[in-house]
Amino acid sequence: MVYLKIWSLKGEKLKKIRVYEVKAFSKGDIGGNLAGVVIGDTDDSVKQRIARELGYSETVFVDGGGDEESRDYKLEFFTPTDQVDLCGHATIGAFSLLRSLGKIEEGEYWQNGLAGRLRVRVEESKVLMEQKTPGFYGRADKRVIAKSLGIEEDVIERFPVEIVSTGLKDILIPVKSLESLKNIKPDFERIKKVSKRYGVVGYHVFSLESLEGSTAFTRNFAPLYDIDEEAATGTSNGALAAYLKKYEIVNNNRMVFEQGDFMDSPSRIEAEIDNGCVWVGGQGSLVREFELVLT
């Protein structure tokens with residue numbers, strides 16, 4: 001049994017909490033995006049410290065489900081620097097972990113948090129999470145975006161460069177080719193400033209060209225939250241699914257997004273649109289348990 005030991009600055013022992021490292025949206029046994037998971041009641045005063053010390057793009061704190069009949073769980077998400085409303089890969093990883101620990105079975109559950117009360121479907125080989133109702137918040141300046149990505153403005157597709165959210169706001173940026181997407185040279189300091197200006201988490205850049213004939217290939221940059229690039233982002237691809245459907249760029253209600261291959265962490269994110277509701281999902285699994293001591 002592995003525990004996380006939390007100590008006050010004076011050395012006073014507060015509590016021991018078991019910690020898990022999970023991954024979500026993996027491509028078979030490889031790739032995916034890592035998250036930290038802490039299950040059980042955790043003192044609010046130490047959650048940000050835990051997330052900072054663990055260093056994952058997101059750490060999720062899971063509480064609830066105290067009896068077999070309960071299908072409600074409270075999830076709180078922290079990056080190393082801030083609390084955020086929602087995180088796709090941490091949700092997928094957390095519910096996959098709950099299933100592997102025998103705490104839940106296949107079926108429908110609820111996650112409750114800053115983004116509201118959203119459904120989660122646990123299936124045999126994957127977990128799907130409901131997204132918030134898609135919101136479209138205006139367009140961003142292509143010239144400014146192109147400069148921050150180290151590309152010419154004409155590399156950006158004719159589709160809108162738009163702020164979209166199904167839980168977290170991102171600027172969706174279409175580029176004309178997979179090669180252009182691969183060769184982006186992001187200026188992270190500029191991206192931080194632009195993200196602050198537009199009130200978004202970061203950039204979700206995509207091409208309709210892909211490696212395996214999927215709906216699109218994506219890259220995600222969120223340096224404002226100490227995440228220069230992420231291997232898989234559920235909420236951003238949920239927003240992308242809503243965007244592609246709104247502008248009739250894609251007619252299918254089922255989509256698959258490739259991400260992370262350029263980071264040697266190939267990830268595959270599935271999206272479904274059902275009566276206007278966006279679901280995002282994929283594989284999730286436990287990687288390890290370990291002990292962390294904060295002093």
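Every read-out reported here was derived from the displayed coordinates using simple, explicitly stated rules and does not represent laboratory data. The shown structure was predicted, so the numbers you read here are calculated from the model rather than taken from an experiment. In this analysis, Cβ positions are derived from the backbone assuming ideal geometry, glycine residues included, and neighbour counts consider all displayed protein chains.
Under 16 Å Cα to Cα from residue 245, which aspartates and glutamates show up? Leave out anything in the same chain fewer than 8 places away. Filter leaves 162, 270, 272, 274. Maximal additional length on extending the residue 43-residue 144 stretch stands at 32.2 nm, based on 0.36 nm per residue less the C-alpha distance.
Quick one: of the DSSP bridges fully inside the stretch 135-265, what percent are antiparallel, nearest 5? Among the beta bridges of the stretch 135-265, antiparallel pairing accounts for roughly 65 percent.
Of the peptides 231-239, 99-107, 265-273, 140-148, the order by per-residue mean of other Cβ atoms within 10 Å, starting with the highest, comes out as 231-239, 265-273, 140-148, 99-107.
Label-to-label distance, residue 83 versus residue 295, with points set 7 angstrom from Cα along the beta-carbon direction: 2.9 nm.
So for each of 211-220, 279-288 I average, over its residues, the number of other beta carbons within 10 Å; can you give me the resulting order with the highest mean first? Don't jump to the answer; show the numbers that get you there.
Working: 211-220: 19.6, 279-288: 21.4.
Descending mean neighbour count gives 279-288, 211-220.
Listed by chain and number, the aspartates and glutamates placed with their C-alpha closer than 13 angstrom to that of residue 147 are 187, 189; residues fewer than eight positions away on the same chain are left out.
Across all C-alpha atoms in the chain, the radius of gyration and Dmax reach 18.7, 59 Å. Between amide H atoms placed 1.01 Å from N, distances below 5 Å from residue 229 occur with 222, all of them 5 or more places distant or on a separate chain.
What separates the Cα centres of the stretch 109-170 and the stretch 231-295 is a distance of 10 Å. Across the stretch 135-265, C-alpha contacts under 8 Å between residues 6 or more apart give a mean separation that, scaled by the residue count, equals a relative contact order of 21 percent. Sequentially through the stretch 197-204, phi angles give Karplus couplings (6.51, -1.76, 1.60; θ = phi - 60°) of 4, 9, x, 10, 6, x, 9, 10 Hz, Gly and Pro residues having no value and appearing as x.
Can you give the convex hull volume per residue for the Cα atoms of the stretch 182-271, as a whole number of Å³? Can you show the working numbers first?
Numbers: hull volume 8.7 nm³, N = 90.
Dividing the Cα hull volume of the stretch 182-271 by its residues yields 97 Å³.
Of all DSSP-defined beta bridges confined to the chain, some 80% are antiparallel rather than parallel. Around the amide H of residue 287, modelled in the peptide plane, lie the amide H atoms of 21, 22, 23, all under 5 Å away and 5 or more residues distant in sequence or on another chain.
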